[in-house]
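All remarks here apply to the structure that follows.
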Amino acid sequence: MSRAALLVLADGRFPAGGHAHSGGAEEAVKAGRITGGASLEEFCRGRLHTAGLVAASVAAAGALGADVGELDAAADARTPSPALRVAARRLGRQLTRAARAAWPCGELDALARQFPKGAHQAVVLGVVARAAGLGPSDAAHCAAYESVSGPAGAVVRLLSLDPFDATGVLARLAPEVDRVADRAVEAARVVAEKGADALPAASAPLLEIGAQAHAGWAVRLFAS
């Protein structure tokens with residue numbers, strides 16, 4: 001198992017398209033729910049334990065070799081917002097492209113053929129982890145960390161928040177990221193016996209509603 005590969009995959013400079021998405025932070029800033037470091041931390045914590053847990057569980061199951069079609073359907077069922085489904089598939093398509101360049105293999109080629117418009121990002125992440133020689137815990141950590149690092153980076157741009165404050169938020173949330181990743185792996189190991197329905201279905205209704213509102217904006221900085 002290559003820890004260096006994990007660093008490459010988790011690096012914000014990996015060209016997987018995440019920089020164009022705010023994870024709901026742009027809408028939350030406009031609505032006044034994120035105004036600085038403290039409210040950013042609460043937003044990220046909520047996202048981590050809902051959307052982040054679901055994504056981490058799907059990614060871990062993918063890394064364990066679960067059927068990608070079943071996982072994609074499960075991810076769809078756990079994403080009520082059409083706007084978030086579109087965003088997840090766009091991110092999945094971009095991640096597939098980047099990963100095929102970094103870790104070319106037949107499994108990624110097959111995934112691209114099966115989902116020409118992109119599978120859900122979390123599903124792709126699990127397959128990419130396998131291609132990179134990583135395990136389910138690595139995939140879960142990548143997904144969980146991205147669920148908070150994306151909004152934190154976006155708010156630096158949206159509010160001109162001091163990057164040191166945003167980094168402090170991520171550092172304080174690190175133990176919770178570990179716990180969510182551990183929960184995700186535990187859930188993913190049950191999929192082989194009980195199917196993808198066993199995956200967590202933690203919901204974040206305000207994120208879903210905000211994503212639909214954000215999709216209708218005429219002018220926005222981020223795609224989602």
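A few points about this structure:
- Residues located in the stretch 158-178, provided they are touching a helix residue (DSSP H, G or I) at 6+ places or on another chain (Cβ under 9 Å), surrounded by fewer than 21 Cβ atoms within 10 Å (Cβ to Cβ) and not β-branched (Val, Ile, Thr): Leu158, Leu159, Asp162, Pro163, Asp165, Gly168, Leu170, Arg172, Ala174, Glu176, Asp178
- Those residues of the stretch 101-122 which are assigned to a loop (DSSP other than H, G, I, E, B) and buried (at least 19 other Cβ atoms within 10 Å of the Cβ), in sequence order: Trp103, Phe115, Gly118, Ala119, His120
- Consider the stretch 6-52 and keep the residues that are at pLDDT 95 or above, under 16 Å from Val148 (Cβ atoms) and of a type in the set (D, E, K, R). The one that is surrounded by the most Cβ atoms within 10 Å (Cβ to Cβ) is Glu26.
- Among the conditions (1) modelled with pLDDT of 95 or more; (2) not acidic (Asp, Glu); (3) not in a helix (DSSP H, G or I), the only one that Pro151 does not satisfy is (3).
- Residue within the stretch 72-85 that is among the hydroxyl-bearing types (Ser, Thr, Tyr) and not in a helix (DSSP H, G or I) present: yes
- Residues in the stretch 30-88 that are closer than 16 Å to Ala187 by Cα and polar (S, T, N, Q): Thr50, Ser57.
- Arg85 being touching a His at 6+ places or on another chain (Cβ under 7 Å), surrounded by fewer than 24 Cβ atoms within 10 Å (Cβ to Cβ) and either charged (D, E, K, R) or closer than 19 Å to Arg220 by Cβ (or both): no
- Number of positions in the stretch 78-100 that are charged (D, E, K, R), in contact (Cβ under 8 Å) with a residue 60 or more places away in the chain and under 20 Å from Ala202 (Cα atoms): 1
- Top-ranked residue in the stretch 27-48 [being part of a helix (DSSP H, G or I) and under 15 Å from Glu208 (Cβ atoms); ranked as nearest to the chain's Cα centre (by Cα)]: Arg47
- Qualifying positions in the stretch 178-224 - closer than 24 Å to Gly62 by Cα, out of contact with any Pro (no Cβ under 7 Å at 6 or more places or on another chain), part of a helix (DSSP H, G or I) and hydrophobic (A, V, I, L, M, F, W, C): Val180, Ala181, Ala184, Val190, Val191, Ala192, Ala196, Ala198
- Qualifying positions in the stretch 163-196 - more than 18 Å from Asp138 (Cα to Cα) and touching a residue at least 60 places away in the same chain (Cβ under 8 Å): Asp165, Ala166, Gly168, Val169, Arg172, Ala192, Gly195, Ala196
- Ala181 at pLDDT 95 or above, buried (at least 16 other Cβ atoms within 10 Å of the Cβ) and of a type in the set (A, V, I, L, M, F, W, C): yes
The values are calculated or read from the model by the stated rules, or taken from the named source; none is laboratory data. As the structure is a prediction and not an experimental result, all values here were calculated from the model. Neighbour counts are summed over all protein chains in view; Cβ atoms, including those assigned to glycine, are modelled from backbone coordinates with ideal geometry.
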